[in-house]
Amino acid sequence: MSFFIREDPLTAERRIIASVRSRRPHIIREITEEEPFQCPFCAGNEALTPKELFVVNGPSGWLVRVVPNKFPAIPNMHDVVVDSPNHEDDIDRIEHLDKLLWTYKERMVHYYNQDGVKYVAVFRNRGVSAGASIPHPHSQVLATPFYPSRFLKEKERYERESTDLLGNFLRKELELQERVVSVSKNFVVLMAYAPITPYELWIVPKEATSSLVFENKFEELAQVLKDSVSLLKSFLGENLSYNITFQSAPPWDRDYRYYIRILPRVAVFGGFELETENVIVSVAPEEAVIELRTVKYAKSTE
């Protein structure tokens, strides 16, 4: 079937899956050539950024730096996390990724202890198409005095149905095995059932953990995240643009299960999406998972 409609299992938002659209001609390309500039995030250029708020050091210098965002969405509530001193690093190549994930947790704890903060968003943009303004690997942490709409929609369903929505969905996915990409001791990687972008992946903890604040299995989670990004890049290209979001509840809200979304930016929204706020996805999840499983098998036999 080349056309069907799916509802997001957590928000009930509708997605139109129209695989035939993937055969449309595409002439848009991402410009990857960069104009020469002095990168403010590279090691040795620390004076080009505001004074650091938090730092993780290694034997040869800093590994992760957190600085105030020079152009904050909300003043004093918006961090830039410099993921690595190496300008060429990406998630799948950062050796200290567990420490980067731990840094996210520490910054979430910091902001949740501030008066008036209701939600802390952690996200990473890679590539021009994903909204990254600087190519050096970095993430952002943004605290808000309100709950974002996606979280509110999810919470409404959690409360209305009085059950672990994502846990129930995870159990069904593990039984069906139609969209499971990989399974580790404590995490499952799924092809999103009703994706926003083609090849959208979800990393879901097996244990009902409501917030990244309560996570402690960072070495394992780092490996799962590395493998997932590496797999996508093996199929979609090394220069892949993507977003990573951490869908995580505030620590006082335990009726939730956090998860991580990896959203490859291989398509752009058109007029229909902007007018109706409904998304058309050009690759069915079941087709996408077969493609990634094939790449995964090929990588394992190299």
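Rule-based calculations on the coordinates, nothing more; no lab input. Computed from a predicted model, the values in this text were never measured in an experiment. For neighbour counting, all protein chains shown are included, and Cβ atoms are generated from backbone atoms with ideal geometry for every residue, glycine included.
Note on the chain: GNM, Cα springs under 10 Å; of Ile290, Ile280, Ile17, the largest mean-square fluctuation is that of Ile290.
Here the Gaussian network model covers the chain, with springs between Cα atoms less than 10 Å apart; of Lys172, Lys105, Lys118, Lys172 fluctuates the most. Taking the Kirkwood radius as the inverse of the mean 1/r across Cα pairs, report the Rg/Rh of region 50-117. Taking Rg over the Kirkwood Rh, I get 0.99. Entry for the chain at q = 0.15 Å⁻¹: log10 I(q)/I(0) = -1.35, Debye formula applied to identical alpha-carbon scatterers, no solvent contribution. Hydrophobic long helices, here whole DSSP H runs in the chain with Kyte-Doolittle means of at least 1.6 and Cα atoms spread over 30 Å or more along the helix axis, are not found.
Think of each Lys and Arg Cβ as +1 and each Asp and Glu Cβ as -1; about the Cα centre, that makes the dipole of region 144-288 roughly 260 debye.
Could you check how many percent of all C-alpha pairs in region 153-237 are farther apart than 14 Å? Could the numbers behind the result be given before it?
Working: 2440 of 3570 pairs.
Looking at region 153-237, the distances longer than 14 Å represent 68 percent of pairs.
Restricting the calculation to Cα atoms, every distinct pair contributes to the Kirkwood radius of region 87-179, found to be 16.3 Å.
Counting helices only, and only those DSSP H runs with n ≥ 4, report the 222 nm mean residue ellipticity of the chain as the sum of -39,500 (n - 2.57) divided by its residues, in deg cm²/dmol to the nearest 500.
On the way: 6 runs with 82 residues, N = 302.
It lands at -8500 deg cm²/dmol.
Straight-distance candidates among the lysines for linking to Lys185, with alpha-carbon spacing under 29 Å and chain neighbours fewer than 8 residues away dropped: Lys99, Lys105, Lys155, Lys172, Lys206, Lys217, Lys226, Lys233, Lys296, Lys299.
If you count the DSSP beta bridges with both ends in the chain, what percent of them are antiparallel, to the nearest 5?
Numbers: 46 of 49 bridges.
So the antiparallel bridges amount to about 95 percent of the total.
Listing Phe41, Phe71, Phe214, Phe146 from fewest to most neighbouring C-beta atoms within 10 Å gives Phe71, Phe146, Phe214, Phe41.
With the contact rule set at Cα under 8 Å and sequence spacing of 6 or more, what percent relative contact order holds for the chain?
On the way: 543 pairs, mean separation 63.7, N = 302.
For the chain, the relative contact order is 21 percent.
Here is the P(r) of region 193-232: all C-alpha pair distances, binned every 5 Å from 0, give 5, 18, 26, 22, 18, 10, 0 in whole percents.
Regarding region 210-302, what's the average projected area of the Cα-atom convex hull, expressed in nm²? Can you show the working numbers first?
Values: hull surface 33.4 nm².
About 8.3 nm², averaged over all directions.
Comparing Val204, Val80, Val183 in a Gaussian network model of the chain (Cα springs below 10 Å), the most mobile by mean-square fluctuation is Val183.
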